[in-house]
Structure formats: C-alpha cells, structure tokens
Amino acid sequence: IEGLSLKTNFGMDFKTSYNTRFQPNYAIFKPTWGDDEMIHKITQVDGTADEITGQKKLWGTKDTRTLALSFQFDYVRSFGDHNVSAILLGNGFQQIKDGEYHNTTNANLGFDLSYNLAHKYYVQFDLAMPHSSKLAPRHRNALSPSLTLGWNMARESFLDGSIFDDLLLSVSLSSLNEDIDISNYYLYTGTWKADGYQYQWHDGYQMGKT
C-alpha cells in the first residue's frame, strides 16, 4: 500500500545491584604496660592471626527486569490539493522488581488522523486509550479524544503580497484521562479488620486501619 509504513521497537533491560565486602581475619595483640607507663611487651592473643580467606559477603541484592514493546503504522498520501496522514501506534512496558508485589505496567493505544486542503484548511482528530492497572477492574481503560481545526490565513488571496508568508489560526478541544496522580495500586479496595489493626499487602503497602 503506497504511503504505508511500519515501525517497531522491542527492548529488554536487566539490572542487578548488591553490596559486597571481604571479611579477612586479623591478629590481635595485647600490650603489657610497665610502671613507667611504657609498653614493655606485646603479646599476640591466642586464636587470632592474619588470614586472607578471599571469601566475600553479599547482601541487599535487588533485581529489576524491564520489557518494552512499541509499534507504529504511518500513512501519508496526497491527492492533488488533498493531503491525508494517519498514525496508529501502541506501546507498553512492564517492570518487575524483587520484593514488590505488583509489577509496574503501562500500556497505551493512540490514533491520529490529519487532513488539510492545499495547506490552507486543517482538520486533525486524535484518540488515545491509556490502560491503568491502578484502577479497579472494568474501569482501567479510558478514551481521550482531541479535535483541532486550523486556518492558514496567509494562503488567502486577501493577504497576497503581505508581510505574512505563514499565519495559522487554530483551535483545539480535548478530553484527557491519566493516572499520574494515583500514587499506588489497590487504592480502590477497602480492606479492613474488625479488631482495628492495619492490613498490609505483600509488598508492605498499608491500606489503612479502623
């Protein structure tokens, strides 16, 4: 199909962090002081000696795995004075961390349709559908439409010979949905205990108390 193209990206990232140290043994010496407040003798404590074992101690190990995938279809064609372009895209990633119960996920779909007549009159329609696992089931997808109208007045005959070679007037209307201000998962779930103690999820997030 003339004017149609496809772009894809796939990424993997594996990160490990940890603390480490060697634990060699050292000889311990005990001084013997004289009446003149001087050290007269130094004796090695029994059972102690300089020893380099080469053994390491590891602690605080953390593993983070991230997978990401995106695709984008582009369509661009011109039919005389009629210019059309369209974009369909999707992207998502998932991040898995040791010790955290819920994986960090993000997924989005997007669509863009643009049309202009002789680069004078413009219409652009955009539609996004973000997905959020922070929200309750059956409420995790939302549509975010946007419409833009434009008029390049410099293309009109009444501005021929003027100082303007490009003068665009545009107006847009959008309805956006996002979860940026939602701080954590499971906030939609009211989990309580009758005895008044706090209830905790596996990763330690505290839901509240009576």
Pick the calculated volume of the Cα convex hull per residue in Å³ for this structure from (i) 359; (ii) 157; (iii) 146? (i)
With all protein chains in place and a 1.4 Å probe, residue 129 shows an accessible area in Å² (nearest 10) of 70
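How large a share of the accessible area of the chain, in percent, is made up of carbon and sulfur atoms when the probe is 1.4 Å and the other protein chains stay in place? Could you put the intermediate results ahead of the total?
Values: 8890 of 15890 Å².
Result for the chain: 56 percent of the exposed heavy-atom area is carbon or sulfur.
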With equal scatterers on the alpha carbons only and no solvent term, can you work out the Debye log10 of I(q)/I(0) for the range 5-88 at 0.13, 0.26 1/Å? -0.78, -1.16
Highest GNM mean-square fluctuation, the chain, Cα pairs closer than 10 Å: which of 181, 13, 36? 36
Spin-label point model (7 Å from Cα, Cβ direction): what's the residue 29 to residue 44 distance in nm? 1.1
Anyone know which of 102, 82, 40 comes out most mobile in the 10 Å Cα GNM of the chain? 40
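How big is D, in µm² s⁻¹, for the range 76-173 by Stokes-Einstein at 20 °C and 1.002 mPa s if Rh is the Kirkwood radius over C-alpha pairs? Before the final figure, lay out the partial values.
Numbers: Rh = 16.7 Å.
The estimated diffusion coefficient comes to 128 µm²/s.
Hand me the chymotrypsin sites (Phe, Trp or Tyr not before Pro) from the range 1-74 located in a DSSP loop with no more than 15 other Cβ atoms within 10 Å, in residue order please. Please list the in-between numbers first.
Values: sites: 10, 14, 18, 22, 26, 29, 33, 59, 71, 73; in loops: 26.
Passing sites in the range 1-74 are 26.
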Set of lysines with alpha-carbon distance to residue 7 below 24 Å, sequence-local pairs under 8 removed: none
How high is the FRET efficiency from residue 66 to residue 112, r the C-beta distance, R0 35 Å, rounded to 0.05? 0.85
Backbone HN-Hα couplings from phi across the range 176-186 [Karplus 6.51/-1.76/1.60, Hz, Gly and Pro as x]: 10, 10, 7, 10, 4, 8, 8, 7, 7, 8, 6
Given a 1.4 angstrom probe, what's the average accessible area per residue across the range 1-142, in square angstrom? 75
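What is the extension gain from residue 8 to residue 173, computed as 0.36 nm multiplied by their sequence separation minus the C-alpha to C-alpha distance, in nm to one decimal?
Working: separation 165, 0.36 × 165 = 59.40 nm, distance 3.01 nm.
Additional length available on full extension: 56.4 nm.
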Mark the label point 7 Å from the Cα of residue 139 along Cα→Cβ and return the residues of the range 155-190 whose backbone N is within less than 17 Å of it. 177-190
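The values are calculated or read from the model by the stated rules, or taken from the named source; none is laboratory data. Model, not experiment: these values are computed from the prediction. When we count neighbours, we look across all protein chains shown, and the Cβ atoms used for this are built from the backbone with ideal geometry, even at glycine. Ligands, DNA and RNA are stripped out before the accessible areas are found, and what is left, the full protein with its side chains, is counted by its heavy atoms. Shrake-Rupley method; radii C 1.70, N 1.55, O 1.52, S 1.80 Å.
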